Amino acid sequence: MLLASTLTTNLAILVLAGFIGFVVISKVPNTLHTPLMSGTNAIHGIVLLGGLLIVGFSGNGTFNKIILVIAIAFGTINVVGGFLVTDRMLEMFKSKPGRDSGKGDQEKKP
Amino acid sequence: MSAPPLASSFLQSQSFLDVLYIIAFALFIQGLRGLSGPTTAVRGNRIAAVGMTLAVIATLLNRNEGNWGLIVLGIALGTAVGVPAARQVKMTAMPQMVALFNGVGGGAVFLISWSEFRLTHGYQDTATYITIFSLFAAIVGSVSFWGSNIAFGKLQEIIPGRPISLGSGQQIVNLLLLILAVAAAVDIASGAHSQGIFIGMLICAALLGNAVVFPIGGADMPVVISMLNAFTGLSAAATGIALNNPALIVAGMIVGASGSILTNLMAVAMNRSIPAIIAGGFGGGGAVEGAEGAGEHAGTVKSTSAQDAAIQLAYASRVVIVPGYGMAVAQAQHAVRELTKELEKRGVEVSYAIHPVAGRMPGHMNVLLAEADVPYDQLNEMEEANQEFGRTDVSLVIGANDVTNPAAKTNPSSPIYGMPILEVNESHSVIVIKRSMNPGFAGIENELYYDPKTAMLFGDAKSAVSEITAALAEL
């Protein structure tokens with residue numbers, strides 16, 4: 001129940017996701033490397049789900065509860081903080097009046 | 001029977017959950033695609049955030065077990081810490097913020113593995129592969145947690161930025177810690193149920209995380225944060241396999257793959273191999289050499305004033321600005337933009353030369369200059385910029401150090417030898433704005449400062465640039 005088994009399916013998903021990661025990310029220009037790192041950083045905050053899933057099984061052990069609350073809190077910081085910080089960074093790249101022509105040129109560069 | 005139970009049973013069916021997860025990771029991928037262009041990036045990030053919200057909601061819908069109070073408590077705590085931190089952090093402190101957020105992600109991973117261990121009483125009645133992935137997540141998550149925290153401490157200057165290492169024994173110690181952690185994991189996977197062994201494994205991994213990052217000097221720090229980011233992604237994917245959760249597997253693996261690419265790109269930009277960086281000690285020997293170099297060169301540094309610098313810039317026809325971490329620390333990007341405007345009014349052609357690893361993260365300078373509304377077409381990447389230095393009258397170096405050090409091309413004994421640099425020394429004259437003669441984050445002396453055509457303007461980047469702008473206005 002807690003730890004189910006479908007190894008080959010999951011490994012296939014793992015490998016395919018790896019390739020998608022390579023393909024999608026290879027196209028990101030230098031300029032956006034910092035927001036990219038920050039954005040992917042927020043995405044791995046998805047470990048939060050792990051905490052949400054197993055906290056139901058923590059039984060009565062106080063220690064189990066404490067580490068899972070910390071895990072959920074950590075995951076939440078990772079997700080919420082990560083997306084907000086990335087958003088703040090990227091807001092600066094948004095088009096502002098009078099800058100549009102410059103930006104258009106930049107995008108045409110390979 | 002009645003509608004509500006039917007609806008709730010549908011909401012909790014495995015296939016409905018899986019569909020939500022598939023939508024969620026399609027949104028992640030679409031979001032990351034959006035990050036590949038400046039105009040789509042904001043939307044891309046938000047799409048990914050929507051995907052994350054969906055994944056969380058799907059997970060909450062599907063759970064039957066209690067302990068909702070703990071979930072609310074954990075999410076409330078995380079939000080209370082994460083939101084203000086993300087809102088208030090200055091743009092210049094972004095790299096350490098990313099390191100910190102990455103660290104807590106790793107922390108969550110190893111805590112979840114630890115819970116799995118405890119809840120199954122040492123992986124009893126658990127498939128071996130699940131045990132293995134859970135243990136892998138525990139080790140990598142712990143390394144990432146501690147490593148990221150040390151990286152945060154170094155960038156925040158809580159811990160000295162210079163390499164701190166055990167010397168030549170460092171690699172043996174690292175290897176020993178890794179072997180111990182893996183041995184403990186093998187022991188557990190082959191049937192040991194003792195929590196002592198598990199905690200021992202976590203401690204070895206924690207020490208390893210410390211031992212890997214402590215010896216790493218400044219210039220390598222962006223590479224390390226990127227690598228730890230990839231580590232946390234991989235450990236999240238491993239957690240996903242242990243919990244049979246496709247959303248975790250996909251999201252974690254995409255981050256693992258992208259982080260690896262980014263790490264490699266950065267290492268290539270610095271002409272260093274990733275193993276060499278992890279083996280550590282960058283600048284360890286270099287600091288000593290640098291100290292000798294300083295003695296050798298002492299007395300040949302020429303310093304200048306804001307007024308002289310203004311005159312020099314005003315009569316140039318082409319100026320290249322080379323920003324570095326010093327500009328970030330001083331929050332000088334707006335002042336730099338003002339200076340550029342003032343120079344352009346006088347018909348001076350101004351552009352910016354951006355080294356791939358200037359600052360503390362790739363793209364760090366681009367973010368700051370974008371904040372100050374510098375048009376993209378004025379920002380030149382390294383290859384482009386290097387072709388232009390030969391016909392540049394004045395290069396204005398603002399708080400950049402190692403990325404301009406000609407020793408990387410000329411001195412085979414320098415620790416940064418072979419790293420591509422901005423060839424500032426090719427321009428007709430150079431003005432360097434710097435707080436003091438202290439060597440850079442990597443602890444290496446910069447020969448550029450002793451070049452006869454270089455003039456040093458000592459001071460805080462922001463006030464120095466503002467003084468030049470004021471002096472220009474008076475000319």
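When B:PHE145, B:PHE152, B:PHE198 are checked against the criterion of being under 21 Å from A:PHE57 (Cβ atoms) and either surrounded by 23 or more Cβ atoms within 10 Å (Cβ to Cβ) or in contact with a helix residue (DSSP H, G or I) (Cβ under 9 Å, 6 or more places away or on another chain) (or both), a single residue qualifies: B:PHE198.
Mind checking whether some residue in region B:303-314 is under 25 Å from the mean Cα position of the chain (by Cα) and buried (at least 17 other Cβ atoms within 10 Å of the Cβ)?
The answer is no; no qualifying residue exists.
Within region B:58-68, one or more residues are on the phi > 0 side of the Ramachandran plot, within 8 Å of chain A (Cβ to nearest Cβ), outside any helix (DSSP H, G or I) and not aromatic (Phe, Trp, Tyr).
Residue selection: B:ILE29 satisfies the criterion of being in contact (Cβ under 8 Å) with a residue 60 or more places away in the chain, part of a helix (DSSP H, G or I) and crowded, with 17+ Cβ neighbours inside 10 Å.
Quick one: which of B:ALA127, B:ALA137 is touching a helix residue (DSSP H, G or I) at 6+ places or on another chain (Cβ under 9 Å) and without any contact (Cβ under 8 Å) to a residue 40 or more places away in the chain? After applying the criteria, what remains is B:ALA127. Within region B:71-110, the set of residues being crowded, with 21+ Cβ neighbours inside 10 Å, more than 8 Å from chain A (Cβ to nearest Cβ) and under 25 Å from A:PHE57 (Cβ atoms) comprises B:GLY106, B:PHE110.
Conditions tested, residue by residue: (1) at pLDDT below 95; (2) part of a helix (DSSP H, G or I); (3) of a type in the set (A, V, I, L, M, F, W, C).
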site	(1), (2), (3)
A:SER5	yes, no, no
A:ASN41	yes, yes, no
A:ASN60	yes, no, no
A:PHE63	yes, yes, yes
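All conditions but one from (1) at pLDDT below 90; (2) of a type in the set (A, V, I, L, M); (3) in contact with a Phe, Trp or Tyr (Cβ under 7 Å, 6 or more places away or on another chain) apply to B:LEU61; the one that does not is (3). Listed conditions (1) at pLDDT 90 or above; (2) under 11 Å from the mean Cα position of the chain (by Cα) are all met by A:LEU52, apart from (2).
Pairing residues of region A:39-62 that are on the phi > 0 side of the Ramachandran plot with residues that are among the hydrophobic types (A, V, I, L, M, F, W, C), at Cβ distances under 9 Å and at least 6 apart in sequence or on separate chains, gives A:GLY59/B:LEU119. Within the option set B:MET327, B:MET365, being touching a Pro at 6+ places or on another chain (Cβ under 7 Å) and either part of a helix (DSSP H, G or I) or buried (at least 18 other Cβ atoms within 10 Å of the Cβ) (or both) holds for one residue only, B:MET365.
The values are calculated or read from the model by the stated rules, or taken from the named source; none is laboratory data. Everything numeric here is computed off the predicted structure, so don't read it as measured data. As a convention, Cβ positions derive from the backbone with ideal geometry for all residues, glycine included, and neighbour counts pool all protein chains shown.
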